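**Q** First, the structure itself, so that you have it in front of you.
The values are calculated or read from the model by the stated rules, or taken from the named source; none is laboratory data. In this text, all values refer to a predicted model and were calculated from it rather than measured experimentally. FYI the Cβ positions are ideal-geometry reconstructions off the backbone, even for glycines, and counts take in every protein chain you see.
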Amino acid sequence: MHAPETIGAAFLKQVEINPGAILFETRSGTGIGSLTYADFKMRIELTMLAFAGKGVAAGQVVGLANTNQIDTFAAILALWALGASPLVLDFRSPPSDILERAGRARAVCVFSDFRKLTQNEGILESPRGGQATQTSGELVFPATPHVTADFIMSSGTTGVPKLHPVSHEELLSATDRMATGGERGDWGNAVSCLNLSFPGTRYIWYRNAISGRKIITVPVFFDYGELDAALLHEDAEEATLPPVLIRGLVQHIKAQGLVGNRPRYDRLVKMQSIGGPLLGSVLTEAKSILSDKLCVTYSSTQTGIISRLEGDAIDSYPTSVGKPLPHHHIRIVDDEGCPLPNNQVGHIETQVNGSAARPGDRGYLDDEGYLYVVGRVQEYFCRNGVSFNAPDLENRVQEVTGAALCCIISSPSEAGDDDQIVAVIEAEPSNLSDFKTRLRAQLSPLTRPDRIVLMPVLPKTSGLKVARAHLQQEIKDNPETCHVI
């Protein structure tokens, strides 16, 4: 699709073709703004000069942990222009986690615009680019296809995130596949609300920046009203959201009395659920209320998108994650790696481009080739001889309590026998007595959690998955918050 060897060079081609086209449309409490390709090129140039003034040089890895995502995107391209490699980090992470990941990537420094972070040793204030009235025309991206352009980080849901360096050549190739290969379906002007530390968001921004398509952003600390307004934008064509936001949107629309005779976002060509399957009645309701172009994707950091469920298949197979994409060969294997027959649960193994990988999930294939995910290996529990998986119990707890979010984790038992099953629910602690009564009355003792924790906000990863590893540590550090049901 693009002759240039890097995303940066492909971006400059777009600036040359149509400098006045809008790349970013921003929505905030102060109104609506926009940035053209020429405007954004200027911002990159100014950011590049500011980084150079701080001593950033070719061959270095530089961490970015900003609240302003457009500034982050400008910083990524500015670092490329200097021959440096950006490491995009989540500003919401604890400073110790940010510095640990920067250390593993051998970053020379971390820059942030978040005062809470810059108060910590080792995290510097992001340099300001200043003001300019016209572009200098000096922005050049070196032809370095094999230099690291990005670090793809796993979600960190159940443990320490893994870092995978990606070269400029690999990044451009993957971005082109998104646009022309069909593996991500229809696409267009994108509504974006996720942090750029989530790799999927960066890829969408890369794709649109080199394809002349608009990115419609919402504030980093947005509410559902702001997200709803962005999705109703006359130019909005696609949105990629995690299940927690899709469920929240449905609840918002129902609470506001906005459910209509047709899906609310009927102009979208795609609304994609990523970062954990959206299943069952929750999925079919979301398709009915939000968009009939809703699709569910199953993916991993190692292999990208593995399968997709969309269209009429959602109504027929609502608990599936769809059929594997043509270039993926899926096997279900036992603990020893031996293939299992259809409809038998085992480890999901995918083979693509000659290499095999296990995403870390358990599931099965049915007789028609549809893939079902029943939970991560780390989310499978056995207590008193009864096996069950966390997602099923989480959904049941949410149904019983009416809470929007629940996370099931295990905690070592003081008696040293089976682990304790803990339900961590996103709700105000004042609901504790009511929730305990409901769970005792409506859940079987065989699968009912042993303990319950109520937190106003659950810690989340950059992809808005619940950060289970952080929850484990928080409960260990604050055992008084954990109550027997």
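**Q** Within region 231-244, identify whether any single residue is closer than 30 Å to H327 by Cα and free of Cβ contacts under 8 Å to residues at least 40 places away in the same chain, and answer yes or no.
**A** yes
**Q** Do you know which of the residues in region 252-290 that are polar (S, T, N, Q) and farther than 29 Å from G363 by Cα is surrounded by the fewest Cβ atoms within 10 Å (Cβ to Cβ)?
**A** Filtering region 252-290 for residues that are polar (S, T, N, Q) and farther than 29 Å from G363 by Cα, the one surrounded by the fewest Cβ atoms within 10 Å (Cβ to Cβ) comes out as N261.
**Q** Taking region 324-363 as the search range and keeping residues that are at pLDDT 95 or above and touching a Gly at 6+ places or on another chain (Cβ under 7 Å), which one is surrounded by the most Cβ atoms within 10 Å (Cβ to Cβ)?
**A** Among residues in region 324-363 that are at pLDDT 95 or above and touching a Gly at 6+ places or on another chain (Cβ under 7 Å), the one surrounded by the most Cβ atoms within 10 Å (Cβ to Cβ) is I332.
**Q** Among the listed residues V466, V457, which satisfies the condition of being closer than 30 Å to I98 by Cα and touching a residue at least 60 places away in the same chain (Cβ under 8 Å)?
**A** Residue meeting the stated conditions: V466.
**Q** While we're on this one: What about L87, is it in contact with a Gly (Cβ under 7 Å, 6 or more places away or on another chain) and of a type in the set (A, V, I, L, M, F, W, C)?
**A** For L87, the condition - in contact with a Gly (Cβ under 7 Å, 6 or more places away or on another chain) and of a type in the set (A, V, I, L, M, F, W, C) - is met.
**Q** Looking for whichever is at pLDDT 95 or above, surrounded by fewer than 21 Cβ atoms within 10 Å (Cβ to Cβ) and assigned by TED's automatic domain parsing to the domain that holds P165 here; the options are A78, A52, A74. Which one fits?
**A** The match here is A52.
**Q** Only one of (1) modelled with pLDDT of 85 or more; (2) of a type in the set (V, I, T); (3) surrounded by 21 or more Cβ atoms within 10 Å (Cβ to Cβ) is not met by V466, so which one is it?
**A** Just one mismatch for V466, condition (1).
**Q** Name the residue, out of S112, S136, that is among the hydroxyl-bearing types (S, T, Y) and modelled with pLDDT of 95 or more.
**A** S112
**Q** So, in region 1-35, of the ones that are in contact with a Leu (Cβ under 8 Å, 6 or more places away or on another chain) and assigned to a loop (DSSP other than H, G, I, E, B), which residue ends up modelled with the highest pLDDT?
**A** T6
**Q** Go through the residues of region 379-393 one by one and say whether even a single one is at pLDDT 90 or above and either over 30 Å from K436 (Cβ atoms) or polar (S, T, N, Q) (or both).
**A** no
**Q** Among all residue pairs at least 6 apart or on different chains, which show Cβ distances below 7 Å where the first residue, located in region 66-91, is under 15 Å from A209 (Cα atoms) and the second is of a type in the set (K, R)?
**A** Final answer for the pair search is A74/R43.
Yes/no matrix, rows are residues, columns are (1) modelled with pLDDT of 95 or more; (2) within 28 Å of R202 (Cβ to Cβ):
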{"position": "G257", "(1), (2)": "yes, no"}
{"position": "M271", "(1), (2)": "yes, yes"}
{"position": "G276", "(1), (2)": "no, yes"}
{"position": "S288", "(1), (2)": "yes, no"}
{"position": "R308", "(1), (2)": "no, yes"}
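**Q** Would region 36-45 turn up any residue that is in the same structural domain as A149 (by TED's automatic domain parsing) and modelled with pLDDT under 95?
**A** Within region 36-45, none of the residues are in the same structural domain as A149 (by TED's automatic domain parsing) and modelled with pLDDT under 95.
**Q** Next question. Please go through region 345-369 and give me each residue that is in contact (Cβ under 8 Å) with a residue 40 or more places away in the chain, assigned to a loop (DSSP other than H, G, I, E, B) and within 24 Å of the chain's Cα centre (by Cα), ordered by number.
**A** P359, G360
**Q** Within region 259-286, can you find the residues that are among the charged types (D, E, K, R) and under 17 Å from the mean Cα position of the chain (by Cα)?
**A** The answer is K270, and nothing else.
**Q** Is there a residue in region 343-361 that is among the basic types (K, R) and more than 26 Å from R267 (Cβ to Cβ)?
**A** yes
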